[in-house]
Amino acid sequence: MNHLISTFQSQQSQFWQELLQHIQISLMALFIAILIAIPVALLIRRLPKAAEWVLQITGIFQTIPSLALLGLLIPIIGIGPLPAIVALVVYALFPIIQNTYTGLKQIDPSLTEAATAFGMNRRERLMKYELVLAMPFIMAGIRTSAVMIIGTATLAALIGAGGLGNFILLGINSNDVNLILIGAISSAILAIAFSYVLHLLEKAKIKTILISFFIGLLVLGGSYYQPQTNNHPQITIGGKLGSEPTILINMYKELIEKDSNIRVNLKSNFGDTTFCYNALKADKIDIYPEYTGTILTTFVKAPTTSTDANTVYENARDDIKKLDNLVYLEPMKFQDTYALAVKSNYAKANQLNNISDLSTLNNPIAGFDLEFANRSDGYKGLQSKYGLTFNVKTMQTSLIYNALNSGAVQIAQVYSTDSQIKQYDLKVLKDDKHLFPPYQAAPLLSEKLLKKYPELKTILNKLAGKITDQEMVEMNYEVNVEQKNAADVAHEFLVKNNLL
């Protein structure tokens, strides 16, 4: 519990930002769903055949897996809050339409006859008693949709829309249960709070309900207002999930704001590789740190045949320029590449220093993720280049370190700057036959941004050739294990190396 509280305290500033984004996305989706669903229910209540079709179709929408729906929407709408809101609206329609339709259909027909006899027209009947009688059903449908929206909105983090799901993804990525709990518990509490407020409105008068929803709309609109405090130009720097990108973008921010009048807005834990790249091309962000090997293998689709760091960087720089007219500045020294690691005491007992030394072991158990197990620069390369054969157990990346630490596996695929290397006292084996390609981090940005602010090149290139593998491991350890603020860790490094 103490660790959970300390993790929350270290993440407070980001927590309130993500909570606000989660509420914004959820409220926006709920209001849009209400504005669509209730009129549709009013329309189909006198059309039984149409009602059956509408309820069937909206019911089918709910069976579509959320990840699949987001994947379908991204090519059409792009990334960010919009596709997340659209997906949430699709899921929210069925409960509201069904409950509104049911509430209206259960009204005693004799009441309608009596109202007609008193000279009421259709609109008067609807406003004076039909909606009043159906309101408990309508509000129950809205409650169901609200709870579902808030829970599903955690997936918005997968497409760079922010929200409490960022903590869950970051926790999975860094194998930190406390971050997962912060995201999950906060989402559950938020859902309960929404449900309780809507429950109180179930028995309220229609006028009170309408006023409440109007106030909610005003609050939602006001939450997007950001007063301009100065006339400085602003840019947005994004970072992938994890401590390392967050540390790097904080370094970018400090250097830019020190040496120019540009103000920087950070979007840490913005998403995975694909989302950051698409966000850059769509001008959702202006800069983000990317790795040389990733550019070649993921975007350019070119094999990294060379293991020379400078050659790989130059190929990545030139190819990404041709592909999408993006500028790739000079890389830092460290390489966050694939590596093989063992426990230090295991390495000492078996005299392991290089990957080649693993040939002396008798069928050891290795923990790899599925991608590494099937890559030519992964296990297949270990077989062909090193002649190694292991008893391979494939598992999720976040579980590999636990498996190695517990002794369930003797060898693990890791990334060379992971904080767990220090945390679990691991020995990273030297890639003596140069199998793994270089993965150096460098700022990636558009050419038009650099033309607008040419000083960015000189400023950001101050980090070129800086930060060793060990320094990056230490900084990741400070953030992930010691729970230091990434901005503070970045600042300390810049001061220590006379860059500030």
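Values in this text are rule-based calculations from the coordinates and carry no lab data. All of these numbers come straight from a predicted model, not from anything done at the bench. Heads up, the Cβs are rebuilt from the backbone with ideal geometry, glycines too, and the neighbour counts pull from every protein chain shown.
Under the classification rounded if a/c is under 1.5, otherwise prolate if a/b is larger than b/c and oblate if not, where does the stretch 330-405 fall, given a ≥ b ≥ c as square roots of the Cα gyration tensor eigenvalues? All intermediate terms of the calculation are to be shown ahead of the outcome.
Values: a/c = 1.28, a/b = 1.20, b/c = 1.06.
Rounded, since a/c falls under 1.5.
Normalised by the residues of the chain, what does the relative contact order come to in percent, with Cα pairs under 8 Å and at least six apart? Present the calculation step by step, with values, prior to reporting the outcome.
Values: 789 pairs, mean separation 75.6, N = 500.
Once divided by the residue count of the chain, the mean separation gives 15 percent.
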Quiz item: Among the DSSP beta bridges whose two residues both lie in the stretch 341-428, what percent are antiparallel, rounded to the nearest 5?
Solution: 40
Quiz item: Assuming R0 = 30 Å, what is the FRET efficiency of ARG122 and ILE32, from their Cβ-Cβ distance, to the nearest 0.05?
Solution: 0.70
Practice problem: Run the dipole for the stretch 341-428 about the Cα centre, Lys and Arg Cβ at +1, Asp and Glu Cβ at -1, nothing else charged, and hand back the magnitude in debye, nearest 20. | Solution: 140
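Quick one: net charge around ASP336, please, counting Lys, Arg +1 and Asp, Glu -1 for every other residue with C-beta under 9 Å from its C-beta. Show your work: numbers first, answer last.
Working: positive: none; negative: GLU244, ASP418, ASP469.
Here the charged neighbours net out to -3.
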Quiz item: Just how large is the dipole of the chain about the Cα centre, in debye to the nearest 20, putting +1 at every Lys and Arg Cβ and -1 at every Asp and Glu Cβ?
Solution: 1420
Quiz prompt | Between the stretch 405-432 and the stretch 433-500, the alpha-carbon center distance in angstrom | solution = 23
Quiz item: Along the positive direction of the dipole of the chain (beta-carbon charges: Lys, Arg +1; Asp, Glu -1; about the Cα centre), which of ASN166, PRO39, PRO233 reaches farthest?
Solution: PRO39
Quiz item: What ³J(HN,Hα) values, in whole Hz, does the Karplus curve 6.51 cos²θ - 1.76 cosθ + 1.60 give for the stretch 129-142 when θ = phi - 60°, with x put for Gly and Pro?
Solution: 9, 5, 5, 4, 5, 7, 4, x, 5, 4, 5, 5, x, 5
Quiz item: Which pairs in the list LYS343/LYS433; LYS430/LYS457; LYS380/LYS427; LYS393/LYS422; LYS281/LYS333 are over 28 Å apart, alpha-carbon to alpha-carbon?
Solution: LYS430/LYS457
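Where the only charges are on Cβ atoms (+1 Lys, Arg; -1 Asp, Glu), what is the dipole of the stretch 174-273 about its Cα centre, to the nearest 20 debye?
Roughly 500 debye, rounded to the nearest 20.
Relative contact order, percent, of the stretch 1-142 when contacts are C-alpha pairs under 8 Å separated by at least 6 residues?
Numbers: 102 pairs, mean separation 42.4, N = 142.
That works out to 30 percent.
Can you say what percent of the DSSP beta bridges in the chain, counting only those with both residues inside, are antiparallel? Round to 5. Show your work: numbers first, answer last.
Details: 16 of 30 bridges.
In the chain, DSSP labels about 55 percent of beta bridges as antiparallel.
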Quiz item: Roughly what would the spin-label model give for GLU455 and ILE64, points 7 Å off Cα along C-beta, in nm?
Solution: 4.8
Quiz item: Label points 7 Å out from Cα along the Cβ direction at ILE185 and LEU201: separation in nm?
Solution: 2.9
Quiz item: Once you mark the chymotrypsin sites (Phe, Trp or Tyr not before Pro) that are in a DSSP loop and have at most 11 other Cβ atoms within 10 Å, what is the longest gap between them in the chain?
Solution: 226-500
Practice problem: Would you tally the net charge around ALA408, using a Cβ to Cβ cut-off of less than 13 Å, leaving ALA408 out, and scoring K and R as +1, D and E as -1? | Solution: +2
